[in-house]
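**Student:** The structure is given below, and queries will be raised subsequently.
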Amino acid sequence: MFERIDYYAGDPILGLMGKFAQDSNPDKVNLGVGVYYDEDGKMPVLECVKTAEKRIADPVSPRPYLPMAGLPGHRKGCQELLFGKEAQVLKDGLVATIATIGGSGALKVGADFIHQWFPQSKCYVSDPTWGNHIAIFEGSNIEVGKYPYYDQATGGIKFDEMIAFFETLNKNDVILLHPCCHNPTGVDLTQEQWDKVLEVIQQRELIPFMDIAYQGFGNDMDSDAYAIRKAVDMGLPLFVSNSFSKNLSLYGERVGGLSVVCPTADEAERVFGQLTYTVRRIYSSPPSHGGRVVDIVMNDDALHEQWVGEVYAMRDRIKAMRLKLKSVLEAKVPGRSFDYLTAQNGMFSFTGLTPEQVERMKDEFGIYMVSNSRMCVAGLNVNNVDYVANAMAEVLKD
Ligand code: LMR
């Protein structure tokens, strides 16, 4: 009966976690999945989260179904983080926000909504992008295309080509954008470039869908949201998916949000209703624990301040690792530029290693990276950075 079912080859990112766990090499280093590990190579539990967990645990309370849209405090936390606490668009009731099962859940609910209400729309993702963007939108029966983005030759962005491409798109086509810390390249648009992109989006009446999974890891909480807030200032309709996996170190809790900025409060109410109906048809309502943590940390001033400090400490440690890896590589591989390491933002670095070189890093050194050459810099620490640099120098030699 099931013989005709295709085998699943596994996910190119999540599959690495299983392979890494089985590797018996004592020196192995996980630079595959986008997860932050601390100086000791451990996934941190943030102090603000520990405090929130204590409040949740004492007294132990019942676990009712949450509303389809999740906890109001979770939704408010998403809105204020993305749009700014005093944002007029929030006061005017123009933003429909639901709490979602991670950033992926937000993308899925958004994609289903778009397919239902904008059935002619195609979705365009950056070349390259996070592989699941394509899978999720195609899974919602939306045709997915790619727009020019990363320039292999310069390590920058094919900006003119990208703009020219956007100018060929049709009204209501969706453009998936990464407001900060582009995954997988780490190469971001400047604010001037964002202005131009949003201008074309406005002229062509395209729909921007911004996926922000690393807010706080680029520059700071506010400037990482520059593109989102600029789009709002311009009065653009806008979808935003956000994730707390990385910046609250709550990967397994699956906490995120989907916000849709609408022209009027009436439209926002309609959209909100349809988003909740979409949730009802997929998973009914979100789980409560992670949402409660988000609610507590985002809405308690002292915990929020502590949280921002903890995110910036993670950001700064990643930046320090970029510098360290660059300086060791420059010493070991003279004549080759590693400037890209410090020019790129966030957790990821596109290293330009070939798939064969990535394979050698794994087989000969137990160093795991994604085959497209993406390295999760957040997996480096003072104890493994020299080892990784040596291995890179070795595979780059031949
Ligand atoms: C990544 O890009 O590694 C993360 O977003 C984890 C994932 O689900 O792929």
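Coordinate-derived values only; no laboratory data. Computed from a prediction, not measured in an experiment: that's the story for all the values here. Positions of Cβ are generated from backbone atoms using ideal geometry, with glycine treated the same way; all protein chains shown enter the neighbour counts.
**Student:** How large is the dipole of the chain about the Cα centre if only Lys and Arg carry +1 and Asp and Glu carry -1, each at its Cβ, rounded to the nearest 20 debye?
**Tutor:** About 620 debye.
**Student:** I need the Kirkwood Rh of the range 260-398: take the reciprocal of the average 1/r across all distinct C-alpha pairs and report it in angstrom.
**Tutor:** 18.7 Å
**Student:** Note down the magnitude of the dipole of the range 3-124 about its Cα centre, charges +1 on Lys and Arg C-beta and -1 on Asp and Glu C-beta and zero elsewhere, to the nearest 20 debye.
**Tutor:** Dipole of the range 3-124, to the nearest 20 debye: 460 debye.
**Student:** Next question, about the same structure. Over all pairs of distinct alpha carbons, what does the Kirkwood formula give as the hydrodynamic radius of the chain, in Å?
**Tutor:** About 21.9 Å for the chain.
**Student:** Add -39500 (n - 2.57) for each DSSP H run of 4 or more in the chain, then divide by its residues: what number comes out at 222 nm, to the nearest 500 deg cm²/dmol?
**Tutor:** Taking each H run of at least 4 residues, the total per residue is -14000 deg cm²/dmol.
**Student:** Summing +1 for each Lys or Arg and -1 for each Asp or Glu, what net charge is found among the other residues whose Cβ lies under 13 Å from the Cβ of A135?
**Tutor:** Around A135, the charge tally is -1.
**Student:** Mind listing the long-range amide H neighbours of L238? Cut-off is under 5 Å, sequence gap 5 or more, other chains count too, H placed in the peptide plane at 1.01 Å from N.
**Tutor:** V261
**Student:** Charges at C-beta only: +1 for Lys and Arg, -1 for Asp and Glu. How large is the resulting dipole of the range 152-233 about its Cα centre, in Debye rounded to 20?
**Tutor:** Taking the Cα centre of the range 152-233 as origin, the dipole is about 160 debye.
**Student:** Once phi is turned into ³J(HN,Hα) by the Karplus curve 6.51 cos²θ - 1.76 cosθ + 1.60 with θ = phi - 60°, what whole-Hz value does each residue of the range 28-34 show in order, with x for glycine and proline?
**Tutor:** 4, 9, 9, 10, x, 5, x
**Student:** Moving on to the next point. Peptides 293-300, 20-27, 192-199, 272-279: what's the order by average Cβ count within 10 Å, highest mean first?
**Tutor:** My ranking of the peptides, most packed first, is 293-300, 272-279, 192-199, 20-27.
**Student:** Would you calculate the separation in nanometres between label points at E53 and N170, each defined as 7 Å from the Cα along the Cα-to-beta-carbon direction?
**Tutor:** Between E53 and N170, the simple spin-label model gives 5.0 nm.
**Student:** Same structure again: Using modelled backbone amide H atoms (1.01 Å from N, in-plane), which distant-in-sequence or interchain residues come within less than 5 Å of L177's amide H?
**Tutor:** F209, M210, D211
**Student:** Please report, for the Cα atoms of the range 38-170, the Rg to one decimal and the Dmax as a whole number; what are they, in angstrom?
**Tutor:** 19.9, 58
**Student:** Where in the range 144-176 does the amide nitrogen come within less than 17 Å of the point 7 Å from the Cα of Q193, taken along Cα to Cβ?
**Tutor:** 147-167, 176
**Student:** With springs connecting C-alpha atoms under 10 Å apart, model the chain as a Gaussian network and identify which of V45, V95, V328 has the largest mean-square fluctuation.
**Tutor:** Taking springs between Cα atoms under 10 Å, the residue moving most is V45.
**Student:** If you don't mind, another one. Please list the non-local residues whose amide H lies under 5 Å from the amide H of D151, H modeled 1.01 Å from N, same-chain partners needing a gap of 5 or more.
**Tutor:** G156, I157, K158
**Student:** Given 5 Å bins starting at zero, what is the percent of C-alpha pairs of the range 1-103 in each, up to the one with the largest pair distance?
**Tutor:** 2, 8, 10, 12, 13, 13, 16, 12, 9, 4, 2, 0
**Student:** List the trypsin sites (Lys or Arg not before Pro) in the range 308-368 that DSSP assigns to loop (not H, G, I, E or B) and whose Cβ has at most 13 other Cβ atoms within 10 Å. Which are they?
**Tutor:** R336
**Student:** Another question, then. Cα gyration tensor of the range 321-361, axes a ≥ b ≥ c as square roots of the eigenvalues: rounded (a/c below 1.5), prolate (a/b > b/c) or oblate?
**Tutor:** Oblate, because a/c is 1.5 or more while a/b does not exceed b/c.
**Student:** Taking θ = phi - 60°, what integer Hz values does the Karplus form 6.51 cos²θ - 1.76 cosθ + 1.60 yield along the range 280-297, in sequence order, with x for Gly and Pro?
**Tutor:** Coupling constants for the range 280-297: 4, 7, 9, 9, 6, 6, x, x, 9, 4, x, x, 5, 4, 4, 4, 5, 5 Hz.
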